[in-house]
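The values are calculated or read from the model by the stated rules, or taken from the named source; none is laboratory data. On a predicted model such as this, the values are computed, not experimentally measured, just so you know. With ideal geometry, Cβ positions are generated from the backbone for all residues, glycine too; neighbour counts draw on all protein chains shown. Keep in mind that these areas ignore ligands, DNA and RNA; they rest on the heavy atoms of the full protein, side chains included. Shrake-Rupley method; radii C 1.70, N 1.55, O 1.52, S 1.80 Å.
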Amino acid sequence: LLDPTDIGGNKNKAFILYQEKSFKKSREYIEISLKKSPNDYFVLNLSGLIYIEDNKILEAISFFKKSLKINPSYLDGLINLAVCYFKLENMKKTFFYLKQAYKLNKNDARILSNIGNLLSLKGKNNFAINLYRKALKIDPNNTEILSNLTLSYIRKKDLLNSNKFFNKLIKVNPNDNELIYAYSNLLLNLNDFIKAWKNFDNRLLIKKNI
């Protein structure tokens, strides 16, 4: 979030540029800001986000940890560290930082959704679904949460809920090919061939002559 004590400052310019996906320009303002305020946890965290965009996860972790050393209760820093370790497939550390974040805020959609992702990987779809649904109540327009919830129902072969959330999501994001492929395969596995071909013909990675 923008810091109201520094409106128009370099770090606010850096943040706006980051939101606009002008990462190179954002980094220039970050560097200027850190020279003046090397212990600004907000800017350190922002620098970490830029490194994630460059897929330099270890460098990102370094900045997030610096940020948290200054402000151990900084929720964004904890969540971002969890995301980094998830990318590195270190589930133990991912869960550790999500747990720390959850202690600070039990009603943050990002935290609930990321814990749901971990549980889904472990095959605990029912627990994951509960968390996704809680997260969706907090952030009902989040397409990533909606997609993960739909995929969890597809894995359970729950056609009723799969269909409900798929139709809701596909209106918002009609080009979610992973979801289209998973849902169509669910229909095929349930022998609903006509509906599968009617809705997904020419968009599936399945040959017609199979």
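For region 121-175, the tally of residues that are among the acidic types (D, E) and either open to solvent by 60 Å² or more (accessible area, probe 1.4 Å) or within 26 Å of K92 (Cβ to Cβ) (or both) stands at 1. The set of residues from region 60-70 being open to solvent by less than 40 Å² (accessible area, probe 1.4 Å) and not hydrophobic (A, V, I, L, M, F, W, C) comprises just one member, S67.
Note on region 79-120: residues that are open to solvent by less than 60 Å² (accessible area, probe 1.4 Å) and farther than 20 Å from S67 by Cβ amount to 9. Within the set D3, D40, the sole residue that is acidic (D, E), in contact with a helix residue (DSSP H, G or I) (Cβ under 9 Å, 6 or more places away or on another chain), open to solvent by less than 60 Å² (accessible area, probe 1.4 Å) and modelled with pLDDT of 90 or more turns out to be D40. Take S73 and tell me if it is loosely packed, with under 15 Cβ neighbours inside 10 Å and hydroxyl-bearing (S, T, Y). Criteria met by S73. The single condition among (1) of a type outside the set (A, V, I, L, M); (2) touching a Leu at 6+ places or on another chain (Cβ under 6 Å); (3) in contact (Cβ under 8 Å) with a residue 12 or more places away in the chain that F127 does not satisfy is (3). Residues of region 15-33 include at least one that is among the charged types (D, E, K, R), under 20 Å from the mean Cα position of the chain (by Cα) and open to solvent by 90 Å² or more (accessible area, probe 1.4 Å). Taking N12 as the residue in question, decide whether it is assigned to a helix (DSSP H, G or I), open to solvent by less than 40 Å² (accessible area, probe 1.4 Å), of a type in the set (S, T, N, Q) and in contact with a Gly (Cβ under 7 Å, 6 or more places away or on another chain). It is false that N12 is assigned to a helix (DSSP H, G or I), open to solvent by less than 40 Å² (accessible area, probe 1.4 Å), of a type in the set (S, T, N, Q) and in contact with a Gly (Cβ under 7 Å, 6 or more places away or on another chain). When region 176-194 is filtered for residues that are assigned to a helix (DSSP H, G or I), open to solvent by 20 Å² or more (accessible area, probe 1.4 Å) and not polar (S, T, N, Q), the ones remaining, listed by number, are E178, Y181, A182, L188, F193, I194.
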